[in-house]
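Here is the structure we will look at, set down as structure tokens.
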Amino acid sequence: MGNKTLLVMIDDDTDEHEIFNMAIEDLKETIDCLYFTDCESAVAHFSRAGAEAPSHVFIDLKLPRLNGEQCLAKLQQIVSSMTRSLSYTLHRSLMI
């Protein structure tokens, strides 16, 4: 697959997926994105044989069941080549 960029966003708020997708489209680059609403579905996807390792992972810290840090640890266990990630939480009270 070479230099192909695969971004992954794990966030239970699908509005965040849409905003992220619009930002990626504005880059005018060929970037593939996968979106998951919880850690369990992301882990299931990347546990499949032949699943492409992501270039970068963006994880909401406040995920239900498994939080962002726990999710990142699980993903790093199954995707050994995954080295880059960013965990984040948007504070709605700060948004205008």
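Values in this text are rule-based calculations from the coordinates and carry no lab data. The structure presented is a predicted model; accordingly, all values stated were derived computationally and were not measured. Reconstructed Cβ throughout: ideal geometry from the backbone, glycine too, with neighbour counts over all protein chains shown.
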Fill in the blank from the handout: Packing-ranked peptide list from 25-37, 65-77, highest mean Cβ count within 10 angstrom first, is 65-77, 25-37
Exercise for the section: Tabulate in residue order the Karplus-calculated ³J(HN,Hα) for segment 36-49, using 6.51 cos²θ - 1.76 cosθ + 1.60 with θ = phi - 60°, rounded to whole Hz; enter x for Gly and Pro. Expected result: 10, 9, 7, 5, 4, 5, 5, 4, 4, 4, 6, 7, 5, 4
Practice task
Please give the contour-minus-distance gain from L27 to E52: 0.36 nm per residue of separation, less the Cα-Cα distance, rounded to one decimal in nm.
Solution key: 6.8 nm
Handout entry: Set of lysines with alpha-carbon distance to K4 below 16 Å, sequence-local pairs under 8 removed
Key = K28
Completion exercise
Quick numbers on segment 19-82, Rg and Dmax over C-alpha atoms in Å, give 12.4, 35
Exercise for the section: Check the straight Cα-Cα distances from K62 and name the lysines below 21 Å, setting aside those fewer than 8 residues away within the same chain. Expected result: K74
